[in-house]
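The values are calculated or read from the model by the stated rules, or taken from the named source; none is laboratory data. Keep in mind it's a predicted model, so treat the numbers as computed, not measured. Cβ placement follows ideal geometry from the backbone for every residue including glycine, while neighbour counts extend to all protein chains displayed.
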Amino acid sequence: MRNTERRPRTFSDIGIRVVLLVLAAVLLMALQLSGNLRPVQSLITQLTAPAQLSATGVTTGVSDLFGSLLRIRTLEQDLAALDTRNAQLEGENESLREVEKENEELRSLLNFAQTRPRLELRGAQIVARVIGEESTNFIETILIDLGQVHGIRTGMPVVTDQGLVGRISDVTENTSKVLLLNDPGSSSSALLADSRLNGIVRGSTSGALIMDFIPQGPTFQEGEAVLSSGLGGKFPKGLAIGTVETIDSQPNAVFQTATVKPAVDFGALELVLVITNFEPNESLPDFLAAPPAQATPAAEETPADETPAEETP
Amino acid sequence: MNRGLLYYFMIPLLLFLCLLQSTAVARLKIAGVKPDLVLLMVIIGTLLYGMRPGILWAFIAGIGLDIFSGGPLGASSLAMMAAAGVAGLGHRPLSRFNPLVPLAAAALGTIVYAVVYLLILGTLALAGWSTLNLPLFETLRDIVLPVTLYNTALMLVLLPFLNRMPESQDL
């Protein structure tokens, strides 16, 4: 007869499990940091990217549906006799509006590319689609549908027609992670457009952009445009970052600080551009430093096994 | 044996929530932060079924989260296992039908998760293996506190459902 009585769980049972799982987690972390996990990560990302893309699509659809429902409710109050034909037209209109919106966005991105002929811009032929966002609250990243095979490399700047978004922090075969400019670990050398004062724009834990290290003495105005200065070699010169929102100038401080209102709405990114012919130039620890990237890398020129060293964001 | 359906569907459910966390949950942002649905699910699972399965779920859910995250792989697992450890304290000695227990588990679990995650990031940054190093005080004020409130409020909403779930006696 089978003994159905279970041995009571002891603390050591759980202890062994905890130790094994902690060791497994530490091992995974070490493997990832040393770059040995890249093929596996690449495979997993390839498998999960379609699911993420679908989930993003469904989410957008559901949001749009709720929006439409709210609109329909209002319309019902005004027009009680709305028939099926009208509802169909409304639906068609909705999808057409969506197409038009995307069209407009693509047109402005094209315009951005045409007015900056020196920057080669690459996307899903020119544009990258945002397919996912950061899962934790501590890091600000997005996932885009372009990767190594499209010529994307770690460190490449990412923009929209409105301005600077961030830079590529991690690349797999078909997807890349973009560390957003408003992440506390992000920074860019910046220039105030009118007063020509230099400083550093960095992200913060509150999600706001802070411009620091502005020399004390010269004055500048709220509303002044902030551009990337190109110093330090992280980003090309002249990309819009935002506008000065508030100024913090203490008379006994060495530098002035300003809060910058971002030019880009980081919470509503759908399409972005990757600047592929810009070579980021900055000192990284040896094991993080990527091999020198080609100016205009082509997909055919990149063997899958030639994985650039990962830059941990 | 009285495990309930949730026990057997926990892993697929957690992986699905990981996917949601990196897509749909971004639309639930309030004051710049989004709720940690995966963490809440691990806490609920641990409250219902104990620390033993809870630790394993925390490990798997953490890996799932890290795949969609820009952070180091395994960091969320370690942080979530610590949170499951805290939630597991409320499994047997305290009745989870006392509303304070799940709420305290959600709040403490979120704080423990955040602190462990930040410590891991800080340690890796100190060792020069990562450039991700968040200022502790600002992060606690701007991110951890609002997320703790958000997660606890969500747990409050989930309490009626949680109280209907059968509690495991054999784990």
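When B:Thr110 is tested against (1) surrounded by fewer than 19 Cβ atoms within 10 Å (Cβ to Cβ); (2) among the polar types (S, T, N, Q); (3) touching a residue at least 60 places away in the same chain (Cβ under 8 Å), only condition (1) is not met. Residues in segment A:211-255 that are outside any loop (DSSP other than H, G, I, E, B), free of Cβ contacts under 8 Å to residues at least 60 places away in the same chain, among the polar types (S, T, N, Q) and closer than 15 Å to A:Ser189 by Cα: 1 in all.
Which of the strands (runs of 3 or more DSSP E) found entirely inside segment A:126-173 contain at least 1 residues meeting this: within 16 Å of A:Ala51 (Cα to Cα) and of a type outside the set (Gly, Ala, Ser)? Counting at least 1 such residues, we get A:128-133, A:141-144.
Identify, please: which residue in segment B:43-69 is in contact (Cβ under 8 Å) with a residue 60 or more places away in the chain and more than 7 Å from chain A (Cβ to nearest Cβ) and is, among those, surrounded by the most Cβ atoms within 10 Å (Cβ to Cβ)? So, considering only residues that are in contact (Cβ under 8 Å) with a residue 60 or more places away in the chain and more than 7 Å from chain A (Cβ to nearest Cβ), the one surrounded by the most Cβ atoms within 10 Å (Cβ to Cβ) is B:Ile43.
Once segment A:16-41 is narrowed to residues that are in contact with a Ser or Thr (Cβ under 9 Å, 6 or more places away or on another chain) and under 11 Å from B:Ile67 (Cβ atoms), the residue that is modelled with the highest pLDDT is A:Leu28. Against the numbered list (1) surrounded by fewer than 18 Cβ atoms within 10 Å (Cβ to Cβ); (2) under 25 Å from A:Thr172 (Cα atoms), B:Leu126 comes up short only at (2). Residues that are over 30 Å from B:Leu48 (Cβ atoms), within 9 Å of chain A (Cβ to nearest Cβ) and aliphatic (A, V, I, L, M) within segment B:128-156 comprise B:Leu132, B:Leu134, listed in sequence order.
If only residues of segment B:118-133 that are polar (S, T, N, Q) and modelled with pLDDT under 85 are counted, the one that is farthest from A:Gln32 (Cα to Cα) is B:Asn133. Specify the residue that is farthest from A:Gln46 (Cα to Cα); the eligible residues are those in segment B:1-21 that are away from every other protein chain (no Cβ under 13 Å) and not in a loop (DSSP other than H, G, I, E, B). Only one residue fits best here, namely B:Leu5. If the condition is being more than 11 Å from every other protein chain (Cβ to nearest Cβ), surrounded by 14 or more Cβ atoms within 10 Å (Cβ to Cβ) and free of Cβ contacts under 8 Å to residues at least 40 places away in the same chain, then segment A:40-67 contributes only A:Asp64. Among the candidates A:Leu21, A:Leu31, the residue that is more than 23 Å from the chain's Cα centre (by Cα), buried (at least 19 other Cβ atoms within 10 Å of the Cβ) and in a helix (DSSP H, G or I) is uniquely A:Leu21. A residue that is within 11 Å of chain A (Cβ to nearest Cβ) and part of a helix (DSSP H, G or I) occurs somewhere in segment B:106-113. I'd like the full set of residues that are more than 14 Å from every other protein chain (Cβ to nearest Cβ) and either out of contact with any Asp or Glu (no Cβ under 7 Å at 6 or more places or on another chain) or at pLDDT 90 or above (or both), limited to segment A:260-272. Selection gives A:Val260, A:Lys261, A:Ala263, A:Val264, A:Val272.
In segment A:161-184, the qualifying residues are those that are polar (S, T, N, Q) and under 13 Å from A:Leu269 (Cβ atoms), and the one that is nearest to the other protein chains (Cβ to nearest Cβ) is A:Asn182. Considering only segment A:16-38, state which residues are of a type outside the set (A, V, I, L, M, F, W, C), without any contact (Cβ under 8 Å) to a residue 24 or more places away in the chain and more than 7 Å from chain B (Cβ to nearest Cβ). Result: A:Asn36, single match. Filtering segment A:155-171 to residues that are within 17 Å of B:Ser69 (Cβ to Cβ) and either surrounded by fewer than 24 Cβ atoms within 10 Å (Cβ to Cβ) or in contact with a His (Cβ under 8 Å, 6 or more places away or on another chain) (or both) leaves only A:Asp170. B:Asn98 passes every criterion in (1) more than 13 Å from chain A (Cβ to nearest Cβ); (2) touching a residue at least 12 places away in the same chain (Cβ under 8 Å); (3) not basic (Lys, Arg) apart from (2).
Does segment B:28-42 contain at least one residue that is under 25 Å from A:Leu43 (Cβ atoms) and either facing another protein chain (nearest Cβ under 9 Å) or in a loop (DSSP other than H, G, I, E, B) (or both)? Within segment B:28-42 (the criterion being under 25 Å from A:Leu43 (Cβ atoms) and either facing another protein chain (nearest Cβ under 9 Å) or in a loop (DSSP other than H, G, I, E, B) (or both)), the answer is yes, since at least one residue qualifies. Assess whether B:Asn163 counts as being away from every other protein chain (no Cβ under 13 Å) and part of a helix (DSSP H, G or I). When the stated conditions are applied, B:Asn163 passes them. Put simply, of B:Ala24, B:Ala75, B:Ala82 the only residue that is more than 7 Å from every other protein chain (Cβ to nearest Cβ) and either without any contact (Cβ under 8 Å) to a residue 12 or more places away in the chain or not β-branched (Val, Ile, Thr) (or both) is B:Ala82.
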